[in-house]
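Report on the structure given below.
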Amino acid sequence: MSLLRLILCELKAIVSDKAIAVTLFGGVLFYAVLYPLPYLHQVPTEQALVVVDLDNTSLSRTLVRHADASPKIRVAAGAGSVAEAKMLIASGDFHGLLVIPLGFKRDLLLGKGATLSYGGDASYFLVYSALVEGLVSAGMDAAKSVQLLGLLSRGESFTGATLSLAPMHLNAVPAYNPSLGYIPYVVPGLFLLILHQTLLIGTGILGAGQWGGSGQPGAKGETGESGYWTQVSPLKLLLGRSLAFGLLYLGFGGFYLGWCYHWYGVSVQSSLGQMLLFALPFLLSTLFAGIAASCLFSRRELPTQVMLLASMPILFVSGFVWPLSLIPEPLVLVSKVIPAVPAIFGMLKLNQLGAGFAAVMNEWLILWGLAAVYFVLAFAGLRWRRNRQ
Amino acid sequence: MRALLRRELTSLWQSPWQLALVSWLPILSMLALWWLFSAALPRQLPVAWVDLDNSSVSRELGRHVAASPVASPESFTHLDDAIAAMNRAEVYALVVVPVGFSRELMTGGDPTLDVRYNGQFLLVGKLLAANLQLAIADAMKPLAYTKQLAAGASPHQARVNMAPIETQTTALFNRNNNYVGFLVPPVLLALWQLMAMLVFANALNRELADAPETPLSARLVAKFVFYTPLLLAQGLFIHALLFGFLALPVAGSPLWLVPAMLATLLAIFLIVALIFLIMQEAARVVSFCTALFAPAFAFMGVTFPVHDMPAAAQYWRLLMPSSHYIDSHIALVSYGVSGTELLLKLSSFVPFLLLLVPIYALAGRGLRASDMAKVVNEEPAL
């Protein structure tokens, strides 16, 4: 059987097996839409705030209006007391609290200083940080105008007064993800993980169906090429299968890293050549890892289950959600054997941080190493399966 | 019924994978996920510190930043080296003290201090930005104070002038912004939902292998009755880990969540059963359920707030039993709502009961004969 014919047989088996088709074509397309869906609005805005205004003066009302003007906050309700506000927050519809104390304006005018209390629901960290950022900037605004009034009333010149308020200018700017949006944060790593997991599942189901030989629909029979995998040498089968899945995943990869990144506004800093150069060992190591793992299964419903349970740990250990320096060292070391882990971090440095290819050399070499190791394992696995038949 | 339950027990005993799913595998993976986040509070994150001024004021600033629990400054002589380190994600933020910073400050100029933080690592970047600003503002305070005194203000007046409005910020329900308290419960619950889905799917798939005389609907009920206590035990293990071992704060008794857990399991079972009855092929059932349940974590609305999701995402969220459960979970753990209110919240699960209609109709028709003839191979895999 020629290699070309083998590849065609493989592709036919992939397409006609509904379980693989659901995962590969359905999963890849469906997830491209579904996973980023909750994050489409990028940043949390207009968080519902409960105001307890015990002062009820022109200044306190100005402060409330300032808070409401912040894009991050919406003054949703007023409460007469902190206890009442607590009940409102416990209802789950409001997440923040601003308490303006009694005598707020009087104390400020007398030059005695006053204390504002902010509260945010820290069960949701993004909500909390949005609320606090909004409230702090509103409060600073109010404080500045009060300070300015005080300084001016003591006879300072306007320019002098503004100067001593801010002795220096702090220019804090987020880099790489200037809008602090959630999609550029999650999507690059997540999409690589989806590609990785679906590829492992696809090779797993195909392999398990053939070794199990339980005559499942699609694995054989329907294609009319029953048992083609027994007619070729293990090395040739490995080559043919890698090429078949590799061709498909070049398409999927192009769709995810090209079209989807563009569609979701994810930055791509590397050149096409660098990206291909980096993606090559990732694709190869994942292919070989998938084929090697498939030799462990003989029931078609198992690979999906194992890979599904592994997804969440891989996602969190790859270091783009939770910093690598905080993950226990043994976990980081062990996780390096999963191709997705070095690949996600390397791609992040290459595309999002724009570090250049020299910075990802380490990850690149790890991926080539993994590809070599998994190639040997896949070959050994296929030969073992072949001998058992 | 008893015979049916005994049948489930023997089939569970014969399947090593299913046995793993109800026993050691969930415990192991839950502990591993907790271990991953066990640092709980991000601290000592590397920050590049480029001091081009090298004056007593800039060194004072550096000491203030070093004193911050979150940041751990690393000195760079050249800006280019610092930028390269930032690009390689070796440091998460960059502070540049410009040449002449101290002189500008003393002569009443308006020097600029540049801070760049890594927005790609959203969590770390935001945290560092807030803490660096806090540390720098704090370092600047004595300077402004001296300035006020020099201008002739009394010490008390000078303090009030500097900050007429004091603020006090409270992180409600999670006082120290603990990431274990924030992230681990939804992660574990998402994992629990996946476990339940897989266990139910595997149990149902056994029906494709052999066909006893009893009607299908009775067998489905038996499966739910048999596996629910086992899965509930996993849920209670999560509670024991979170509120017992880790002693996370909880405003009410976690036992009030048991009804919600049962409702979640019922909802998962109904969804899986419907998919099983439609697909009737083991790998396809598992693949389809996986596609459906895998993204549940993103839709729980803990990491990204629900009311900021697009409407389509909010509707999709309602399809996931875990999002209904997490609402009850947070209501009890954070807000401390009473048990009766929690029971009322269960009504959000009621629409899942509508699935009973198609399930009943499909179960009445039985399984397709062609599939029943097939024999699941006995070889214990993996």
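The numbers here are math on the coordinates, done by the rules we state, and not lab data. Small disclaimer: the values here were computed from a predicted structure and weren't measured. Note that we place each Cβ from the backbone using ideal geometry, even for glycine, and neighbour counts take in every protein chain shown.
For the reader, a short list of remarks on this structure follows.
- Cβ neighbours within 10 Å from other chains - mean over B:297-307: 6
- Overall, the anisotropy analysis places the protein assembly as shown in the oblate class: the square-rooted eigenvalues a ≥ b ≥ c of its C-alpha gyration tensor yield a/c not less than 1.5, with a/b not exceeding b/c.
- Shielding by partners - mean other protein chain Cβ count within 10 Å, residues of A:292-304: 5
- Helix-only mean residue ellipticity at 222 nm for the protein assembly as shown, each DSSP H run of n ≥ 4 adding -39500 (n - 2.57), per residue, nearest 500: -19000 deg cm²/dmol
- Of A:SER270, A:SER70, A:SER325, the one that fluctuates the most in a GNM where chain A has Cα springs shorter than 10 Å: A:SER325
- Cβ crowding within 10 Å ranks B:THR107, B:THR264, A:THR57 as B:THR107, A:THR57, B:THR264, fewest other Cβ atoms first.
- Highest-fluctuation residue, A:GLY207, A:GLY80, A:GLY258 considered, GNM on chain A with Cα pairs under 10 Å: A:GLY80
- Around B:LEU79: net Lys/Arg minus Asp/Glu count, Cβ-Cβ under 12 Å: -3
- Average 1/r across all pairs of distinct alpha carbons in chain B, invert it, and you get the Kirkwood radius: 25.2 Å.
- Out-of-range pairs (alpha-carbon distance over 30 Å; input A:LYS112/B:LYS147; A:LYS18/A:LYS236; A:LYS18/A:LYS336; A:LYS18/B:LYS345; A:LYS86/B:LYS141; A:LYS86/B:LYS126): A:LYS18/A:LYS336; A:LYS18/B:LYS345; A:LYS86/B:LYS141
- Taking amide hydrogens as placed 1.01 Å from N in the peptide plane, the amide H of A:ALA172 sits under 5 Å from those of B:VAL115, each at least 5 positions away in sequence or on another chain.
- DSSP loop GluC sites (Glu not before Pro) with at most 12 other Cβ within 10 Å: longest gap in chain B: B:1-212
- Under a Gaussian network description of chain A, with springs only between Cα atoms under 10 Å, the residue in A:LEU193, A:LEU135, A:LEU102 that fluctuates furthest is A:LEU102.
- Of the trypsin sites (Lys or Arg not before Pro) in the range B:1-90, not one is in a loop by DSSP (not H, G, I, E or B) with at most 11 other beta carbons within 10 Å.
- Net charge of the neighbourhood of B:ALA190, taken over other residues with C-beta under 15 Å away and scored Lys/Arg +1, Asp/Glu -1, is 0.
- Within 10 Å of the Cβ of each residue in A:114-121, the mean number of Cβ atoms contributed by other protein chains is 6.
- Electrostatic bookkeeping for A:GLU301 treats Lys and Arg as +1 and Asp and Glu as -1; over the other residues with beta carbon under 10 Å from its beta carbon, the sum is +2.
- Amide H to amide H distances under 5 Å link B:THR170 with A:TYR118, A:GLY119, A:GLY120, where only residues 5 or more positions off or on other chains count and H is placed in the peptide plane.
- Shape of the range A:1-117, Cα gyration tensor, a/c cut at 1.5: prolate
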